[in-house]
Amino acid sequence: MKKNTLYNKVRTLAVVAAALPAGGLLSGCSDFLEVEPQNVITLEQFWNEEADVKNIIAGCYSGMESYAMLSRMMIWGEFRAENIINNGIIDKDVSLERILKENIMANNPYTYWGDFYNIINRCNTVIEYAPGVAEKDPSYTQSELRADIAEVTAIRSLCYFYLIRTFRDVPYTEEAYLDDSQELAQPVMPFNEVLDKLIASLEAVKGDAITKYPEATGLAAYYNTGRVTLNFIHALLCEMYLWKQDYQKCIEYADLIIKAKKKDAEENKISPTYFKITNGYPLIHTLYDGYTNMFGQAFSSIFVQGNSMESIFELNFDKESGDRQISNGPVSDFFWGRGVPYTVCTSYVGNDQKNEVYKVFDSSNKGKDARGYENLMGLGIMKYAYSGMFMYDPSSKSYSIGGFYPTHGDKEESRNKANYIIYRLTDIMLLKAEALSQLMSDANGDALSQQDQLRLEEAFKLVNAVNKRSVMQYDLKDTLVHTNYKNKADITELVYAERNRELMFEGKRYFDLVRRSQRDGNTDYLRSNVANKSVDLRGIVESKMQKMDAIYWPYNLDELKANPKLKQNPAFGSGENGSFEANR
C-alpha cells in the first residue's frame, strides 16, 4: 500500500500515457498514477500540447472500464439488494460471498476505493494543467479547453457520486495531488456537502459540454453515448437533484433529456406514430409482423449491440478487436459466465415465473413481461451476458422462447464485450416519475388537488410507457390500470417496482433502496426488500440494518491506517473486524 491510495503521486505522464496500447472506446492510458517510468519526465515537459490533455482524458475512460472499477460499480449498486444470491459454488470469491450474506468487514477488498480516487485525481490534474496547455498550443482553442474541462468534471462527479452513495461521507478535494510534499490525509465531507459541490460544479460547466459529436465511423461513431455529452451531464444532475430532494430540478433535467431524445428520433426520421405505442416516448419496441412479436429485439439492441437510441452514457468495449482489447470481465464472472457463481434469488425473483408467482414481474401481466426472461434464464443472470427472443403466436395465443447465445465472444474466457450502461432513457423517465410522486401530498383519491392529480397522471404515464413496451402481447395496449393508483404511496410503490423490473442487475437497485431510506429517515423499506433474499438471511438483515449507518459500507482498513483523519462508520465497530455489536 502506498502512503495513501486517496491520491497517488504523479511525477510523469507523457511517456506512460503515450506508450501504452489503446483499449476500449477511448483508451490510450493505463493506471499511470501508480507507475513511475525509469526516465522521469517533469510536468513542465509533459503539458505542452493538446494531445497531452487528450491522453489523460482517454485514461479516465479506460480506468472506468478496468475490472477493478467496473466490478465495484456493479457490486456497490446491486449485490446488497434482494435480487442476487450465491449458488453454492462461490468459494472462489469469499469476499463477495460475505457481502451477499451481509457479513461485510473493513478488510473486505471490495471496500477499496482507490481506483475511483485515481480517476478523480486524473480529472483534477486536467482541470489544473489544461489551461496552461492552451496558452502554449495555439491549435488548442478555448472552446476545446472548456469542453475538456466539462468532460473531466462530469467524470469526476460520477466517481464521487458512486462514492457518496456507497460510503455516505467521503474525503473530497478538487486539488491535483502530484508529489509527496502535499498533505494526502483528508477528513471526510458530509454526504450533502459533497452532493452540493458536485451539483455546483456540473451547473458551472454544463454550457461548455459537447452537445453532440459529429457523425463518424469506427469507434468514434459511438462518442455520443460512450463519451461525456450534455445529455450525460443532464442525467447526472437529474439524479443528483433527486437525491437532494429538489424534485422540480430533477424533473427539469429529465425533461431536457426526453426532449433531446425525441429530437434525435426526428433527425433519424423515425415516425412519431412509432412512439404512440409507448405514450410518445422514444423507446425501442417491436411491432407485430404478421406472425410473431419478437420482444427480445429492444433488449438485444440495448444490451447486446449497445449504444442504442435510448442510451445516454455507457462504457464501451471494442467488439471488433477480439481478445486484443479489454473485455467486460465482471459480466463473465458475476453473471452467466464461468461457473455461474452468482445467481438470482430463488426465493424471490427466481421463482417469479417458474412457480407463476409474479410478485416481481406483476401478476396483472400473467408472466408476459419479457424482462423476466431477458434478465435471467433458469437461475442465472442473463442481462449483458446472453441475448434471446420471446415470441407471441396470435393464432395459438401462446408464447415461446427463441434461441439464446452468449454476447460477444467466449464467456468461458471472460471475453464478454457487452457495454456497461450508466444511464439510459427509461432510467431517467422513472427518476422523473419518482420526483413527480414525491411532490404530491398525502391526500387520497378524490381529495387530491388538481395539481397532484396531474402529477399522478404524468408519473403513471411514464411508468406505463416503460412497462408497456416490455410486455409480450399482440397489440401492446396499456399494461397497467391507472385507477389502481390513487395516491402518493400507490404511485411511489409502482415507480420503485418498475425501476426494479426495468433496471435489474444494472447496478441501480441498492442505491434506489438507500435513497428511499435517506428520504424516509429509516431503513424499513430497505430491510423489507433485502430480507427477501432468503429465510436464513432475514434475521441477519433485520438486526444488522436497523440503523442508517449500517446501509452504507465500512471504510477499508488500510485506508484507516493510512489516513488518521478518517474515522470508521460506527456500524462497523473499530474497523478491525465486521462487528456490528461494537457500537450498538
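Brief remarks follow.
- Principal axes of the range 205-262: Cα extent on each, largest first, Å: 41, 22, 17
- When peptides 180-193, 523-536, 421-434 are ranked by their average number of other Cβ atoms within 10 Å per residue, the highest-first order is 421-434, 523-536, 180-193.
- Between residue 442 and residue 354, full extension at 0.36 nm per residue minus the direct alpha carbon distance yields a gain of 28.0 nm.
- Sulfur and carbon atoms: percent of accessible area, the range 413-492 [1.4 Å]: 44
- To the nearest 10, the accessible area of residue 354 is 150 Å² with a 1.4 Å probe.
- Distance between the 7 Å Cα→Cβ label points at residue 248 and residue 212: 3.1 nm.
- Rounded accessible area per residue of the range 141-254, 1.4 Å, Å²: 37
- Contact order relative to length of the range 49-146, as percent, for alpha carbon pairs under 8 angstrom and 6 or more apart: 42
- Accessible surface for residue 174 stands near 90 Å², nearest 10, in the context of the full protein assembly shown (1.4 Å probe).
- FRET E, pair residue 274, residue 220, Förster distance 35 Å, beta-carbon r, rounded to 0.05: 0.80
- Relative contact order computed over the range 109-194 (Cα-Cα under 8 Å; 6+ residues apart), in percent: 33
- Distance from the C-alpha centroid of the range 160-195 to that of the range 485-531: 28 Å, rounded to the whole angstrom.
- For the range 122-277, the fraction of C-alpha pairs more than 28 angstrom apart is 32%.
- Relative contact order (%) - the range 178-237, alpha-carbon pairs under 8 angstrom, separation at least six: 34
- Virtual spin-label span in nm between residue 457 and residue 266, 7 Å along Cα→Cβ: 2.4
- Simple Cβ-charge dipole of the range 418-528, Lys/Arg +1 and Asp/Glu -1, about Cα centre, in debye nearest 20: 340
- Near residue 110, once Lys and Arg are set to +1 and Asp and Glu to -1 for all other residues with Cβ below 10 Å from its Cβ, the sum equals +1.
- Values of log10 I(q)/I(0), in the order q = 0.15, 0.18, 0.28 Å⁻¹, for the range 434-498 under a Debye, Cα-only, solvent-free model: -0.44, -0.60, -1.21
The values are calculated or read from the model by the stated rules, or taken from the named source; none is laboratory data. Quick caveat: nothing in here was measured; it's all calculated off a predicted structure. Every residue, glycine as well, gets a Cβ built from its backbone with ideal geometry; the counts of neighbours run over all protein chains shown. Quick note on the areas: whole protein, heavy atoms, side chains included, nothing else; ligands and nucleic acids left out. Shrake-Rupley method; radii C 1.70, N 1.55, O 1.52, S 1.80 Å.
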